[in-house]
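The values are calculated or read from the model by the stated rules, or taken from the named source; none is laboratory data. Source: prediction; values computed, not measured. Methodologically, a virtual Cβ is constructed for each residue, glycine included, from the backbone with ideal geometry; neighbour enumeration extends over all protein chains shown. Heads up: the accessible areas ignore ligands, DNA and RNA and are worked out on the full protein's heavy atoms, side chains in. Shrake-Rupley method; radii C 1.70, N 1.55, O 1.52, S 1.80 Å.
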Amino acid sequence: IHLVKKGFLAKYTTFGSGVIQTFSKSMFYLKSTCPFTLTRFTLSGVTCSITVQRNATGLMNSVEITVNKITTVLQDGKITVEGSSISLPFDHTYQLVYQYGVFIKLRSKVLPFSAIWRSQPGGISSVWVIVNRYTVNISI
């Protein structure tokens with residue numbers, strides 16, 4: 001998918017049930033406990049990749065977000081950046097991670113990109129990936 005409209009918000013969503021809604025608003029169901037790439041894109045030489053793994057209930061037990069070679073992992077109710085546990089709010093050279101109502105939000109400082117998720121006992125129930133403002137080539 002090639003997003004070109006300035007000011008345009010594109011959203012990619014997945015829920016604990018296994019439902020995925022792509023940037024193009026197509027919906028499909030993927031029930032698997034194998035890790036898979038939710039989305040990956042590159043802008044001005046900076047790559048963003050999001051990998052998800054679900055448990056048997058369908059909730060996500062692991063989400064790995066890599067932006068500019070900095071990896072943030074959401075697993076077992078904890079957030080790590082480059083292998084170190086963080087507390088919120090977390091301000092890094094390339095990203096901010098903070099409480100966003102009942103959700104947690106990661107906002108990239110180097111890409112027009114945010115990820116928002118909701119954790120619950122047993123895993124992560126939903127993840128939204130939001131891309132805005134620039135031309136972005138996205139492989140789904």
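Between residue 21 and residue 96, what FRET efficiency comes out of the Förster formula 1/(1 + (r/R0)^6) with R0 = 22 Å and r the beta carbon distance, rounded to 0.05?
The pair residue 96/residue 21 has a calculated efficiency of 0.30.
Hey, which of these cross-link pairs are over 22 Å Cα-Cα: 69/105; 25/69; 69/109?
25/69
What's the local net charge at residue 126, with K and R +1, D and E -1, over the other residues with C-beta under 13 Å away?
Charge balance in the 13 Å sphere: +4.
With θ set to phi - 60° and the Karplus curve 6.51 cos²θ - 1.76 cosθ + 1.60, what are the ³J(HN,Hα) couplings of the range 95-103 in order, to the nearest whole Hz, using x for Gly and Pro?
These are the phi-based 3J(HN,Hα) values: 7, 10, 10, 7, 5, 9, x, 7, 9 Hz.
Out of the total accessible area of the chain (probe 1.4 Å, heavy atoms of protein only), what percent is carbon and sulfur?
In the chain, the share of accessible area belonging to carbon and sulfur is 53 percent.
Compute the distance in nm between two label points, each set 7 Å from the Cα along the Cα-to-Cβ direction, one at residue 47 and one at residue 11.
2.9
With charges set only on the Cβ (+1 for Lys and Arg, -1 for Asp and Glu), what does the dipole of the chain come to about its Cα centre, in debye to the nearest 20?
460
Compute the length gained on full extension between residue 69 and residue 34: take 0.36 nm times their separation in residues and subtract their Cα-Cα distance, giving the result in nm to one decimal.
10.3 nm
Excluding ligands, DNA and RNA, what is the solvent-accessible area per residue of the chain at a probe of 1.4 Å, expressed in Å²?
Each residue of the chain exposes 52 Å² on average to a 1.4 Å probe.
Could you compute the net charge surrounding residue 117? Neighbours are other residues with a C-beta less than 15 Å from the C-beta of residue 117; K and R count +1, D and E count -1.
The answer is +4.
Could you please report the charge total around residue 94, scoring K, R as +1 and D, E as -1 over all other residues with beta-carbon less than 15 angstrom from its beta-carbon?
So the surrounding residues net to +2.
Counting only C-alpha contacts under 8 Å and six or more residues apart, can you give the relative contact order of the chain as a whole percent?
Result for the chain is 28 percent.
Show me, for the range 43-54, the HN-Hα J-couplings you get by feeding each phi into the Karplus relation (A = 6.51, B = -1.76, C = 1.60, θ = phi - 60°), rounded to Hz, glycine and proline as x.
In residue order, the calculated couplings are 9, 6, x, 9, 9, 10, 9, 10, 10, 10, 9, 9 Hz.
When the scattering of the chain is computed by the Debye formula from its Cα atoms alone, each counted once and equally, what is log10 I(q)/I(0) at q = 0.09, 0.10, 0.17 Å⁻¹?
For the chain at q = 0.09, 0.10, 0.17 Å⁻¹, log10 I(q)/I(0) is -0.24, -0.30, -0.91.
Checking the a/c ratio against 1.5 first, then a/b against b/c, what shape does the Cα gyration tensor give for the range 60-116?
Taking the square roots of the gyration eigenvalues as a ≥ b ≥ c, the range 60-116 is rounded.
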